[in-house]
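What follows is a single structure, written as structure tokens, with notes after it.
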Amino acid sequence: MSDLNIKQKRFADYYIETGNATASYLRAGYEAKGNAAEVNASRLLRNAKVMEYFKERNEQLDVQFIADITETKRFWTEIMRDENADMKDRLRASEFIAKTNGAFVEKKELQGAFNGKITFGFVDPAIADA
């Protein structure tokens, strides 16, 4: 990680947590009078080492907290194979797995002449079967 002193690291961590630069500056242990906390916190936010630390911590947080597709597929697989789960949940999980693997690619072939006009029509299946 970037070479930050203790206060800079605390400031950065508090800022990531709260998004409030002035409060993070004071909470990190810095002392300031008047609007010095705002000014110095703003200066710290532009510090190259602090910015690098933000980048590194955000990458770590992404890995820790955001599921990637592999983790998501494992989760769906666990549900699909869980014999105690509701059948609708198991089927839905298998559908998600199949979709992410490209199993539901629909191909449609159109034949005929094109007159430059496209018309869409929707048919209610309940009425069409009657």
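The values are calculated or read from the model by the stated rules, or taken from the named source; none is laboratory data. Since this is a predicted model, take the numbers as computed values, not measurements. Please note: Cβ atoms are built from the backbone with ideal geometry, for glycine as well, and neighbour counts cover all protein chains shown. The accessibility values were calculated without ligands, DNA or RNA, using every heavy atom of the protein model including side chains. Shrake-Rupley method; radii C 1.70, N 1.55, O 1.52, S 1.80 Å.
Quick rundown of the values:
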item	result
Within a Gaussian network of the chain (alpha carbon springs, distance under 10 Å), most fluctuating of E109, E17, E38	E109
In the chain, lysine pairs closer than 19 Å at Cα, eight or more apart or cross-chain	11
Probe 1.4 Å, accessible area per residue of region 1-59, Å²	65
Hydrodynamic radius (Kirkwood) for region 6-57, which is based on Cα pairs only, to one decimal in Å	10.6
Protein accessible area in the chain, 1.4 Å probe - carbon and sulfur %	52
From the coordinates shown, volume of the Cα convex hull per residue in Å³ corresponds to which of [x] 126; [y] 99; [z] 318	[z]
3J(HN,Hα) from dihedral phi, region 58-75, Karplus parametrisation 6.51/-1.76/1.60, rounded to Hz, x for glycine, proline	5, 5, 4, 5, 4, 5, 6, 10, 10, 5, 8, 5, 5, 4, 5, 5, 4, 4
Relative packing of peptides 79-88, 118-127, 18-27 - highest average C-beta neighbours within 10 Å first	18-27, 79-88, 118-127
Virtual spin-label span in nm between R27 and S42, 7 Å along Cα→Cβ	2.1
Phi to ³J(HN,Hα) by Karplus 6.51 cos²θ - 1.76 cosθ + 1.60 over region 15-31, Hz, x for Gly, Pro	5, 4, 6, 10, x, 10, 5, 5, 5, 5, 4, 5, 5, 6, x, 6, 10
Heavy atoms of L91 accessible to a 1.4 Å probe, total area in Å² rounded to 10	100
